[in-house]
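What follows is a single structure, written as structure tokens, with notes after it.
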Amino acid sequence: MAKRIVQLQHVHKKFGTHTVLEDVSFNLDQGEIVGLIGPSGAGKSTIIKVTLGMEKADGGQITVFGEQMPQRQLLKKIGYMAQNDALYDSLTAYENLEFFAQMKGVSAKEIPAQIDHAAKIVDLKNQIKQRVGSYSGGMRRRLSLAIALLGNPPLIVLDEPTVGIDPALRRQIWHELSRLRDDGHAILVTTHVMDEAELTDRVALLLDGKLIANDKPKILEKQYQVANIEEVFLKAEGDLA
Amino acid sequence: MRIWAITKRVLKQLLRDKRTLALMFIAPLVVLALMSYIFSVNMTSNVTIGTVGVSQTLQKDLNKVQHVKVKAYSSKQKAQTALKNEQVDSTLEKRHNNFYATYANTDSSKTKLAKTALQTVLKQEKMNGLIQQFKQVQQKLPATAAQQQPKTKQTTPKIHNDYRYGNGNSTFFAKLMPILMGFFVFFFVFLISGMALLSERTSGTLERLLVTPVRRSDIIYGYMLSYGLIAVIQTLLIVIFTVTVLNVQVLGSLWLVLLITILLALVALSLGIFTSTFAKSEFQMIQFIPIIVIPQIFFSGIIPLESMANWAQWLADVLPMKYAADALTAVIMKDATFTQIAGDLLALLIFIIVLTAGNIWGLRRYRKV
């Protein structure tokens, strides 16, 4: 059996009086891509935040690599890409990668090779000496992904990685994610694009802070008796209303 | 070393931002040069007094006073009209052995000058009267008594002026200079560091930074180190410029001046970072200037603090500029030593420690460990 990377058990989270997560239990194993889908405000980002230890859960247990979160040192083994690109515009792509590699604690000797590797994956090798300020939206997104891949982290968390990326590149990125999965990485992805959800190994459907479905796309489609994940999503939302 | 990597990155960003660099290094010099010029302009004002029914001798005496001119008017009405038309700055009327003065009072320095002139002249008149009486009494005295009088020396003693700081031409700018030096460092470091961290918040890089195993304190220390370095360069530029170009004299040690300004820059930096926590945009950061920056200059000692009410002095006590201005003035104008300004330095250090601790704690908003 594959190694368990992330385990959320009966997690509750409130912001003020507003309940964001209600009794969410959810796992992520080595060598799988799990898609987190749900309308905005459903709690996708909050799941990511408690997983990373940015936020503390009010109840339940969160373990990552078998250790209780939040824990600073564990972040070394996690690659994270946020919804916004979060890059330093006045620095070159190389300097951005170098800086975040240093922050991740990649040793100075390994940094050039790591940068080379990450830049190759996102196809930015030729533009690596350019300032990020001159990058197009798609290039920024790719650089942001490259930063998440630095240090070859066993757990990769991507918040809407393909927003604003053209179809060809989106396919390329998903291809790369599948390859990383096959290498044994655990990948957690949130997405709005339903046909992307089909590409995942498992879909976790989140509505109003509750996890209402969590299975392989094909099984969910069968269960809801629909043709694709988009309809699963709509039907689940309809059932709840 | 993560702190050093952050320092290097912040410095790299700053060096590539030419406009901000100009703001930090050139703007203070331009403003200081302008201020120095403005305060060196001859500020002596001339006063014209319109007199009505004032004796010839008194008019003559008034005319003799420096920067004072007298114009005689035949009636009160005429004098008043002249005052209204700004032909004279004040009027003086003698009625029943009393003087009645009216001042335009649009320029308080002119009013002051006219008042002093009047008082001096009236005193002189009184003295002249006394001397006359004394001479008359002397003449009536028997000759023997007159001979017993010791001969008084007629020469008036000469005054030799010596200035401990500056020279006879020192203007208000000299007093302002040490305070302004500190203020510029404070203002620019506060604004730019606050903005820098704010843009890290809004662009999401701060969040991304905190999803690495970096310590929260490493981020704050990295910022302090980089802006500390910038402040050293800024202070050196300001000091060299004021000493060599503006000819401002520094009595005490330049090293102490540097030490004070670096501490002040670190206060400004941590205050800027602290303030940026409460701002959601660059515009909101600007809104803090009137609340946080402007009072610093009011209570920095430009207007002597001792003459202020208790509440104002207490307010000054919690403003870091007060301590820095106090120490800078002491070193630059009075050649104070390290021990003499140790109290001020300690106060600045306490500001730094408290604000830094607050900043490190404040980053918990983004990451709980």
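The values are calculated or read from the model by the stated rules, or taken from the named source; none is laboratory data. Note that the coordinates shown come from a computational prediction; the quantities given were computed from them, not determined experimentally. Cβ atoms come from the backbone with ideal geometry, glycine included; neighbour counts cover every protein chain shown.
Here the helices (runs of 4 or more DSSP H) wholly within the range A:114-230 that include at least 1 residues being within 14 Å of the chain's Cα centre (by Cα) and hydroxyl-bearing (Ser, Thr, Tyr) are A:137-149, A:167-182. The residue that is modelled with the lowest pLDDT, among those in the range A:28-76 that are part of a loop (DSSP other than H, G, I, E, B), closer than 22 Å to residue A:174 by Cα and not small (Gly, Ala, Ser), is A:39. Among the conditions (1) within 19 Å of the chain's Cα centre (by Cα); (2) facing chain B (nearest Cβ under 8 Å), the only one that residue A:91 does not satisfy is (1). Residue B:47 - would you say it is crowded, with 19+ Cβ neighbours inside 10 Å, more than 30 Å from residue B:181 (Cα to Cα) and in contact (Cβ under 8 Å) with a residue 60 or more places away in the chain? Taking the combined requirement at face value, the residue satisfies it. Condition check: among the polar types (S, T, N, Q) and either buried (at least 22 other Cβ atoms within 10 Å of the Cβ) or closer than 23 Å to residue B:209 by Cα (or both). Does residue A:25 satisfy that? Judged against the criteria, residue A:25 is not a match. The set of residues in the range A:20-52 being of a type in the set (Gly, Ala, Ser) and under 17 Å from residue A:4 (Cβ atoms) consists of A:25, A:31. Among the residues making up the range B:8-34, those that are out of contact with any Phe, Trp or Tyr (no Cβ under 6 Å at 6 or more places or on another chain), more than 11 Å from chain A (Cβ to nearest Cβ) and in a helix (DSSP H, G or I) are B:11, B:19, B:21, B:22, B:23, B:25, B:27, B:30, B:31, B:32, B:33, B:34. Of all residues in the range A:188-199, one or more are of a type outside the set (Val, Ile, Thr), in contact (Cβ under 8 Å) with a residue 12 or more places away in the chain and in contact with a strand residue (DSSP E or B) (Cβ under 6 Å, 6 or more places away or on another chain).
Residues that are assigned to a loop (DSSP other than H, G, I, E, B), at pLDDT 90 or above and among the aliphatic types (A, V, I, L, M) occur at least once in the range A:90-98.
Table: residues versus (1) buried (at least 23 other Cβ atoms within 10 Å of the Cβ); (2) touching a residue at least 24 places away in the same chain (Cβ under 8 Å); (3) not aliphatic (A, V, I, L, M).
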{"site": "A:3", "(1), (2), (3)": "no, yes, yes"}
{"site": "A:36", "(1), (2), (3)": "yes, yes, no"}
{"site": "A:61", "(1), (2), (3)": "no, yes, yes"}
{"site": "A:71", "(1), (2), (3)": "no, no, yes"}
{"site": "A:90", "(1), (2), (3)": "no, yes, yes"}
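Out of all the residues in the range A:47-76, which are over 18 Å from residue B:212 (Cα atoms) and either within 14 Å of another protein chain (Cβ to nearest Cβ) or touching a helix residue (DSSP H, G or I) at 6+ places or on another chain (Cβ under 7 Å) (or both)? If the condition is that a residue be over 18 Å from residue B:212 (Cα atoms) and either within 14 Å of another protein chain (Cβ to nearest Cβ) or touching a helix residue (DSSP H, G or I) at 6+ places or on another chain (Cβ under 7 Å) (or both), then A:57, A:58, A:62 are the ones that fit.
Among the residues of the range B:61-95, those identified as surrounded by 13 or more Cβ atoms within 10 Å (Cβ to Cβ), of a type in the set (Lys, Arg) and either more than 18 Å from residue B:117 (Cβ to Cβ) or out of contact with any helix residue (DSSP H, G or I) (no Cβ under 9 Å at 6 or more places or on another chain) (or both) are B:76, B:78.
Screening residue A:66 on (1) under 23 Å from residue A:233 (Cα atoms); (2) touching a residue at least 60 places away in the same chain (Cβ under 8 Å); (3) not β-branched (Val, Ile, Thr) shows it passes everything except condition (1). One residue is enough: does the range B:337-351 have a residue meeting the conditions under 30 Å from residue B:204 (Cα atoms) and buried (at least 21 other Cβ atoms within 10 Å of the Cβ)? Within the range B:337-351, one or more residues are under 30 Å from residue B:204 (Cα atoms) and buried (at least 21 other Cβ atoms within 10 Å of the Cβ).
Within the range B:226-248, not a single residue is within 11 Å of chain A (Cβ to nearest Cβ) and buried (at least 22 other Cβ atoms within 10 Å of the Cβ). Residues that are of a type in the set (A, V, I, L, M) and modelled with pLDDT under 90 are absent from the range B:4-12 altogether.
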